[in-house]
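Q: Have a look at this one before I ask anything.
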Amino acid sequence: MAIYISQVKLTEKGLEELKDAPSRIEANRKLWEESGGKLLAWYVILGDYDYLLISEAPNEKVMTEIALKASRRGRTRFRTFTAIPIEEFAQVAGRL
């Protein structure tokens, strides 16, 4: 499965409903699993974004669906990147 890193920002609605965060965290884990992915790590971060997520999904189409479903709830906005393991990069670089 592909690895994805998402920077997530809370919306005004997300900030207003912050006390409900524990149940939303569990709902998001289920969203990833139901979509065929897995939420590997979830961190609260300081700065321009509020959360950093590291996840797996079968492909970019599935990851896009997950991010859109989560964002559609109106509490968060996603910025997602594909992560390439350094070992895979080393193989590519070795062929240059």
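Just so you know, all these numbers are worked out from the coordinates, no wet-lab data involved. Quick caveat, the model's predicted, so the values are computed rather than measured. Reconstructed Cβ throughout: ideal geometry from the backbone, glycine too, with neighbour counts over all protein chains shown.
Q: Sort out for me the helices (runs of 4 or more DSSP H) sitting completely within the range 3-90 that have 2 or more residues that are surrounded by 13 or more Cβ atoms within 10 Å (Cβ to Cβ).
A: 21-34, 60-72
Q: Further, regarding this structure: Can you name the condition, by its number, that Ser35 falls short on among (1) touching a residue at least 12 places away in the same chain (Cβ under 8 Å); (2) in contact with a strand residue (DSSP E or B) (Cβ under 6 Å, 6 or more places away or on another chain); (3) not aliphatic (A, V, I, L, M)?
A: (2)
Q: Let me ask something additional. Out of all the residues in the range 8-19, is one or more of a type outside the set (Lys, Arg) and touching a helix residue (DSSP H, G or I) at 6+ places or on another chain (Cβ under 6 Å)?
A: No: zero hits.
Q: Which condition does Leu52 not pass, out of (1) within 12 Å of the chain's Cα centre (by Cα); (2) free of Cβ contacts under 8 Å to residues at least 40 places away in the same chain, if it passes all the others?
A: Here Leu52 clears every test but (2).
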